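Asks: Following this message is one structure expressed as structure tokens.
What follows is calculated from the coordinates using simple rules that are stated; it is not laboratory data. Please read these numbers as outputs of a predicted model, since none were measured by experiment. Using ideal geometry, Cβ is built from the backbone for each residue, glycine included, and neighbour counts are taken over all protein chains shown.
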Amino acid sequence: MDEINKVKSISIWIFIVPFIAVNTCLILITQFQGLFPNQEDIIHNTIPYFDGGASISRTARPYPSWLVFKPAMFLTSFLLIKYWLYNKSIILFFDKNHKNINKILYFGIASAIALTIHSIFLGIKFDNDFYKLFRRIIMLMFIVFEIVAQAYLVSTLYSFRDKISKYINKRYLILKVYLVSILILVAVLSIPIISLPGNDFFGFNLKFFKHALEWDYFVGVISFYLLTFLMWKKN
């Protein structure tokens, strides 16, 4: 079925495009300081996946980083919408009355829209508490919608795994189940910590923990699409 090939080809780009874009922004702002007109934007000596030296938005919002980040996120949003639409077609092919079809489509497309809105407003500076809260809510909505959509999709595919057995490598479906479960668990455990006011927690600097968690969680979320690419067999 043609939709399987389309999902397979789109999913690898949903992994590659944001991964390259985010890490390109990181390299630019840490290694090519001369490109940045405002020297206050420069970041030195950090590998944020480990030390949490900067957030993703901190590396992506200054000029010229956003020239890389924004187009990449717009493209990723478009690919996400196509991805969820094609998955709907796949599910309908194997089980046209499955209860999760509309939920998968709603949360999947909603996550893409939230990513687009977040990208539009990234780098626009307003010294306004409501605006800052709005940006945080949009980012939170993207994460929640994305994880919920992934969970529903994995659950749905697993529910009729025998019907699709000749189309998939089952071990990657199992890995997707583990990955989504870990993402949900980490999110639940982290919410009480990242929601604490300020950055000091019994002498522990939460700012660096939050930043490192953001980078690592980002890799976990997009790895779902790498596993999708590996899961579906090429027809």
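Asks: Quick one: in the stretch 86-100, which of the residues that are assigned to a helix (DSSP H, G or I) and touching a residue at least 24 places away in the same chain (Cβ under 8 Å) is surrounded by the fewest Cβ atoms within 10 Å (Cβ to Cβ)?
Replies: PHE93
Asks: Run down LEU115, LEU80, LEU153, LEU133 and say which single residue is of a type outside the set (Val, Ile, Thr), under 29 Å from TYR63 (Cα atoms) and touching a Gly at 6+ places or on another chain (Cβ under 9 Å).
Replies: Only one candidate qualifies: LEU80.
Asks: Check off (1) over 25 Å from ILE20 (Cα atoms); (2) in contact with a Cys (Cβ under 6 Å, 6 or more places away or on another chain); (3) of a type in the set (A, V, I, L, M, F, W, C) for ALA60 and give me the number that stays unchecked.
Replies: ALA60 satisfies all of (1) over 25 Å from ILE20 (Cα atoms); (2) in contact with a Cys (Cβ under 6 Å, 6 or more places away or on another chain); (3) of a type in the set (A, V, I, L, M, F, W, C) except (1).
Asks: I've got another one for you. Of these, ALA110, ALA149, which one is surrounded by 20 or more Cβ atoms within 10 Å (Cβ to Cβ), in a helix (DSSP H, G or I), small (Gly, Ala, Ser) and touching a Phe, Trp or Tyr at 6+ places or on another chain (Cβ under 7 Å)?
Replies: ALA149
Asks: In the set TYR158, TYR172, TYR178, which member is without any contact (Cβ under 8 Å) to a residue 60 or more places away in the chain, part of a helix (DSSP H, G or I) and surrounded by fewer than 14 Cβ atoms within 10 Å (Cβ to Cβ)?
Replies: TYR178
Asks: Out of LEU105, LEU133, LEU75, I need the residue that is without any contact (Cβ under 8 Å) to a residue 12 or more places away in the chain, assigned to a helix (DSSP H, G or I) and surrounded by fewer than 21 Cβ atoms within 10 Å (Cβ to Cβ). Which one?
Replies: That would be LEU133, the only listed residue that is without any contact (Cβ under 8 Å) to a residue 12 or more places away in the chain, assigned to a helix (DSSP H, G or I) and surrounded by fewer than 21 Cβ atoms within 10 Å (Cβ to Cβ).
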